[in-house]
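J.: Just dropping this structure here.
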Amino acid sequence: MARTTSTPAERFAAKTTPGPIPAGPNTPDTPCALWPETALDRDGYGRFWVDGRYVSAHRWAFEQARGPVPDGLDLDHLCSVRRCVADDHLDPVDHRTNVLRSTGPSAVNARRTRCVNGHDLTDPAVVHVSYPPSHPHGMRKCRVCARDRARRTREPQLAPVALISTRTTPERTAA
């Protein structure tokens, strides 16, 4: 049985299927080009076999249409569909922007404007930003809630206050 030779572009086009048109303010008006579910990696992104190795299908599509992805940039899916390989749905952005545009915990917390107790997180007087090594861009913490948390932690450590009974004498009155 003879193998038919086809170009990577032909094989790529044969694998994609049209998907829905994404809804949202910053999404393109064209439908997604969906990669088959049987050829996804464990994170849900498409894998494409080309030149003897697997490459990211969305990255390969972008590079074929627009050239190489600039150094230090990630491809952000504007449609938020990981299986999508439509090159006009991909935007090269820095990693921080890519994460903050997502729906992950970091992005959700960055968009919050109130803490769990209702304090305003947009007021610099209420927010403390700390820069631990694990968060080089900083972590926002509500000062009021942090103060209350510290007070609740310290209270059991304080010595108990004992009431001392004192004998009171009535004031003398002039006769």
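The values are calculated or read from the model by the stated rules, or taken from the named source; none is laboratory data. Remember, predicted model here, so these are calculated numbers, not experimental data. Heads up, the Cβs are rebuilt from the backbone with ideal geometry, glycines too, and the neighbour counts pull from every protein chain shown. Heavy atoms of the whole protein, side chains included, go into the accessibility calculation; ligands, DNA and RNA do not. Shrake-Rupley method; radii C 1.70, N 1.55, O 1.52, S 1.80 Å.
J.: Pull the list of the chain cysteines that no other Cys approaches to under 4.7 Å, Cβ to Cβ.
T.: When partners are defined as cysteine Cβ atoms under 4.7 Å apart, the chain leaves CYS79 without one.
J.: From the P(r) of segment 1-81, could you give the percentage of C-alpha pairs in the tail past 19 Å?
T.: On the way: 1436 of 3240 pairs.
Value for segment 1-81 (Cα pairs over 19 Å): 44 percent.
J.: Hand me the GluC sites (Glu not before Pro) from segment 1-90 located in a DSSP loop with no more than 14 other Cβ atoms within 10 Å, in residue order please.
T.: Values: sites: GLU10, GLU37, GLU63; in loops: none.
Hits after loop and neighbour filter: nothing returned.
J.: Also, quick follow-up: How big is the shadow of the Cα convex hull of the chain, averaged over all directions, in nm²? Please list the in-between numbers first.
T.: Working: hull surface 86.2 nm².
Taking the Cα atoms of the chain, their convex hull projects to 21.5 nm² on average.
J.: ALA14 versus SER130, label points 7 Å from Cα toward the beta carbon: distance in nm?
T.: 5.8 nm
J.: For LEU158 and ASN26, FRET efficiency with R0 = 45 Å and r from the beta-carbon atoms, rounded to 0.05?
T.: Numbers: r = 53 Å, r/R0 = 1.18.
E between ASN26 and LEU158, to the nearest 0.05, is 0.25.
J.: Pop out the carbon and sulfur fraction of the accessible area of segment 35-175 as a percent, whole number, probe 1.4 Å. If you can, show how the numbers build up before the last one.
T.: Working: 5430 of 10580 Å².
It is 51 percent, rounded to a whole number.
J.: What share of all Cα pairs of segment 82-151, in percent, falls into each consecutive 5 Å distance bin?
T.: Using 5 Å bins, I get a P(r) of 3, 13, 18, 21, 17, 9, 7, 6, 3, 1, 0 for segment 82-151.
J.: If you don't mind, there's one more thing I want to ask. Let me check against my output: what whole-number percent is the relative contact order of segment 1-41, with C-alpha pairs under 8 Å and at least 6 apart? Could you put the intermediate results ahead of the total?
T.: On the way: 30 pairs, mean separation 13.5, N = 41.
Reported relative contact order: 33 percent.
J.: Over the Cα atoms of segment 62-114, how large are the radius of gyration and the largest Cα-Cα distance (Dmax), in Å?
T.: Computed over the Cα atoms of segment 62-114, radius of gyration and Dmax are 12.6, 44 Å.
J.: Still on this structure: Just want to confirm a number: the relative contact order over the chain, from Cα pairs under 8 angstrom separated by 6+ residues, in percent. Could the numbers behind the result be given before it?
T.: Numbers: 196 pairs, mean separation 21.1, N = 175.
The normalised contact order for the chain reaches 12 percent.
J.: Report, in debye and to the nearest 20, how large the dipole of segment 56-175 comes out about its Cα centre when Lys and Arg carry +1 and Asp and Glu carry -1 on their Cβ.
T.: 920 debye
J.: Additional query: So if R0 is 30 Å, what FRET efficiency would ARG114 and LEU73 give, r being the distance between their Cβ atoms, rounded to the nearest 0.05? Kindly include the intermediate steps, with their values, before the conclusion.
T.: Details: r = 33 Å, r/R0 = 1.09.
Plugging the Cβ-Cβ distance into 1/(1 + (r/R0)^6) gives 0.40.
J.: Before rounding to the nearest 500, sum -39500 (n - 2.57) across all DSSP H runs of length at least 4 in the chain and divide by the residue total; then give [θ] at 222 nm in deg cm²/dmol.
T.: -7000 deg cm²/dmol
J.: On to the next question. Considering the options PRO36, LEU73, ALA57, tell which one lies farthest towards the positive end of the dipole of segment 10-159, charges being +1 on Lys and Arg and -1 on Asp and Glu at the Cβ, about the Cα centre.
T.: Selected residue: LEU73.
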